[in-house]
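Some notes on the structure that comes next.
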Amino acid sequence: MITSISIGSKVICSDGPAGTLTAVIVDRTSHSLTHIAIVEKSLFHGEERLVPISRVTNTTRDAVYLDCIIKDLEKLDPFTRTHYLEIDQGADGYAYSPPYMTTYTDMTMAPDMGYLTVQDQLVPEGEVAVNRGMMVEALDGYVGQVGELIID
C-alpha cells in the first residue's frame, strides 16, 4: 500500500536494496503519480531509471518496495541522459574538435578536457518531475523551494 513516498528513500526490490528515489513524476492533467525515478550507480553508471508506480507494492517513511528484482530495473526507460558539450577554447575562436581532441567517457576528466557535462531529464510527455529543492515560482516571481509534495 502506498501511503507516502519520500524523495531520498531507499528503493528495495524483492532480491535486495536497489538504489535511491530521486524524483516523483506526476501527470499534469490528473495530478496523479505515474512514476518514480531511482538511481543506483553500480547498475546504471549514475543514470536514473523511470519506474512505473504500478511496480511499487509498499512504502514506509524511508523505503519504497518494488515487485521486481534488481536486474529488471536495467530494462526500464532511462530518466536521465548524460552527454557532453564541447567548450570553445580554440585559438582565434576555433573550438578543439576530433580528431585533435580525444573524447573521454570518464565524467571526472571531461570538464578538464574542454567538455561540459550536461544531464537531461527524460520526462514522459504531459508529465512533470518533482525533486526536493526544486524552485517554486508564482505568477509574480520566486516563492521558495519544494520541501514536500502532497497528492490526495
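The values are calculated or read from the model by the stated rules, or taken from the named source; none is laboratory data. Small disclaimer: the values here were computed from a predicted structure and weren't measured. In this analysis, Cβ positions are derived from the backbone assuming ideal geometry, glycine residues included, and neighbour counts consider all displayed protein chains. Please note that ligands, DNA and RNA were not included when accessible areas were found on the heavy atoms of the full protein model with its side chains. Shrake-Rupley method; radii C 1.70, N 1.55, O 1.52, S 1.80 Å.
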Exercise. Residues with beta-carbon under 15 Å from that of L76, excluding L76: net charge, scoring Lys, Arg +1 and Asp, Glu -1?
Worked result: -2
For this session: Could you work out how far apart the two model spin labels at A63 and S14 are, taking each label as a point 7 Å from the Cα in the direction of the beta carbon, and quote it in nm?
Result: 1.7 nm
Exercise. Long-range amide H contacts for T57: which residues qualify at under 5 Å (H placed 1.01 Å from N, peptide plane, sequence gap of 5 or more or a different chain)?
Worked result: Y65, L66, D67
Seminar exercise, completed: Counting sequence-distant residues (5 or more places) and residues on other chains, those with an amide H built under 5 Å from that of M134 are V146
For this session: Quickly work out the S6-to-D27 label distance, labels modelled 7 Å from Cα along the C-beta direction, and quote it in nm with one decimal.
Result: 2.8 nm
Exercise. In what sequence, largest accessible area first, do T22, T59 appear using a 1.4 Å probe?
Worked result: T22, T59
Problem set entry | Where Y115, Y65, Y142 fall by accessible area, highest first, once all protein chains stay in place (1.4 Å) | Y142, Y65, Y115
Exercise. Counting only protein chains, not ligands or nucleic acids, how are R61, R49, R28 ordered by accessible area (probe 1.4 Å), most first?
Worked result: R61, R28, R49
Problem set entry | Phi-based couplings in Hz for segment 27-35 (Karplus 6.51, -1.76, 1.60; Gly and Pro marked x) | 6, 5, 7, 8, 6, 9, 6, 10, 8
